[in-house]
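Notes to accompany the following structure.
The values are calculated or read from the model by the stated rules, or taken from the named source; none is laboratory data. In this text the structure is predicted, and so the values were computed from the model without any measurement. Cβ coordinates were reconstructed from backbone atoms using ideal geometry, including for glycine residues, and neighbour counts include every protein chain displayed. To get the accessible areas, we keep the full protein, side chains included, count just its heavy atoms, and leave off ligands, DNA and RNA. Shrake-Rupley method; radii C 1.70, N 1.55, O 1.52, S 1.80 Å.
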Amino acid sequence: MQPSDIEQLLERYNQGIATAEEIALVETWYTKYKSTVPDVPHQQLEEDQQQSLNELITEITGKNKRGHWPTFAIAASILFILSSGVFFLMFHRQQQPLALNKPVKVKSDVAPGGNKAILTLSNGSTIVLTGAKNGTLASQGNMVINKTADGLISYADSKENAALKSLVYNTASTPRGGQYQFVLADGTKVWLNSASSIKYPVQFIGNERKVELTGEAYFEVAHDAKKPFRVVSNGQTVEVLGTHFNVNAYGDEGEVKTTLLEGSVKVSSQNINTVIKPGEQAQFDNGKIKVKNVDVDEVVAWKNGFFYFEDNNIQEVMRQLARWYDVDIKYEGKLPSREFSGEISRNVNASQILDILSFKKIHYKIEGKTIVVMP
C-alpha cells in the first residue's frame with residue numbers, strides 16, 4: 001500500500017463513507033500500533049508505521065477471505081487514543097504527504113493546565129499553593145498545614161492540648177487550568193478538578209464530617225463508623241462511612257453526578273434519597289434522582305490525566321477543554337452533528353486535541369485565550 005492509498009483510505013474514513021472493513025482496518029491498525037510506539041528517529045518511525053499497516057492489511061485481508069472477519073465496536077465518530085501525548089492519526093486536507101506522528105504547526109496555542117490552587121484560611125488570608133515552599137504553611141486551630149515534596153497538602157495535629165470548641169474552616173479553590181490533591185485531617189484524600197472548590201473543617205469535631213463542594217472532586221474517604229462523611233453540592237448531599245466516589249457538580253453541566261467506585265453511598269435531597277452500588281451513578285436534577293450504570297474509568301479519567309469522551313457532542317467536549325485550558329469558547333456557523341468517543345491525554349497542548357476534532361470536520365482557530373469552533 002502506497003502513501004496515496006493510505007490518504008484515500010483516511011479520507012473515506014473522514015467523510016464517513018468507508019466500508020466496515022476499512023473502518024476496522026484503520027482503527028485496528030491504530031490500536032495495535034499505539035501500544036508499541038518505538039523511540040526511534042522520525043524517518044524510521046514512519047517506515048515502521050507503514051510496515052505495521054501493511055502487515056495488518058495482509059492479516060485482516062486473509063481473515064476476510066476465510067469468512068472470519070473480527071468483530072469491532074465502532075462508534076459513529078471516534079477520537080483516537082493518545083498514549084504518548086503527541087502521536088495521533090490525522091489526514092492533511094491540503095493533499096500534503098501523510099504524516100501520522102507530526103503535530104500541526106499553529107500560530108497560537110494553549111498549554112495544558114497543572115497543579116494550581118489557592119488555599120483560603122479561616123481568617124480570610126490566602127496562600128497560593130503553586131509557588132508555596134514545601135514544609136509547614138500555616139497553623140489553623142490545633143492543626144498545621146503542610147506541603148509535601150510532591151505538592152500534596154495535608155493536615156496534622158499540632159500536638160497542642162487545647163480542644164477545639166467550634167469548627168474552623170479552610171477553602172481550597174482551583175482556577176480554570178488547575179487541579180490539586182489534599183489530605184484532610186481524618187485521612188480522607190481529595191482530588192480537586194479544575195474550576196472547583198471545597199470548604200472543609202481543618203479538624204472534624206462532633207458527630208459528622210461535612211464538606212461543601214462546587215465543581216468536581218474525587219474522594220477516597222477514611223472509614224469512621226461513628227462519623228459519616230457528607231458532601232453537600234448544588235442541593236444534594238452524599239453520605240458515606242468510608243468509600244471511593246466522584247462528584248461532578250459543575251453548574252454548566254445541568255446535573256449533579258455522583259459515581260461510586262467502592263463501598264456504598266447514599267444520595268439525598270430534601271425528602272428523597274437513594275443508595276447506589278459500585279459502578280452506578282446517581283444523577284440529580286430538579287429535585288429528582290435517577291440511577292444508571294456507567295463506566296467508572298470514564299468518570300475518573302480526569303484524575304488519571306485523561307479526557308474521556310463517550311458519545312459526547314462538541315459542546316460537551318468544549319466545556320471540558322475550556323475548564324482545563326482556561327479558555328473561552330466561541331461558536332461560528334452551523335456545526336455538523338457529531339459525537340466523539342475516545343481517551344486523550346490532558347498533558348498536551350490544546351491544538352493537538354483540536355486537530356483530532358478537525359479529523360471529523362470540526363474546525364477551529366485559537367485567538368489568544370479564545371477557541372473559535374467552526375464547521
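Report yes if residue 348 is open to solvent by less than 10 Å² (accessible area, probe 1.4 Å), under 21 Å from residue 193 (Cα atoms), in contact (Cβ under 8 Å) with a residue 24 or more places away in the chain and part of a loop (DSSP other than H, G, I, E, B), otherwise no.
When the stated conditions are applied, residue 348 passes them.
Looking only at segment 318-337, decide whether some residue is surrounded by fewer than 17 Cβ atoms within 10 Å (Cβ to Cβ), out of contact with any strand residue (DSSP E or B) (no Cβ under 7 Å at 6 or more places or on another chain) and hydroxyl-bearing (Ser, Thr, Tyr). Yes, segment 318-337 contains a residue that is surrounded by fewer than 17 Cβ atoms within 10 Å (Cβ to Cβ), out of contact with any strand residue (DSSP E or B) (no Cβ under 7 Å at 6 or more places or on another chain) and hydroxyl-bearing (Ser, Thr, Tyr). Taking (1) touching a Gly at 6+ places or on another chain (Cβ under 9 Å); (2) open to solvent by 20 Å² or more (accessible area, probe 1.4 Å); (3) at pLDDT 95 or above in turn, residue 168 satisfies each apart from (3). Looking across segment 132-165, the residues that are open to solvent by 70 Å² or more (accessible area, probe 1.4 Å), assigned to a loop (DSSP other than H, G, I, E, B) and not polar (S, T, N, Q) come down to 133, 149, 150, 159, 160, 163, 165.
Scan segment 307-322 for residues that are within 13 Å of residue 346 (Cβ to Cβ) and assigned to a strand (DSSP E or B) and the total you get is 3. Within segment 229-267, restricting attention to residues that are among the polar types (S, T, N, Q) and in contact with a helix residue (DSSP H, G or I) (Cβ under 6 Å, 6 or more places away or on another chain), the residue that is farthest from residue 191 (Cα to Cα) is 259.
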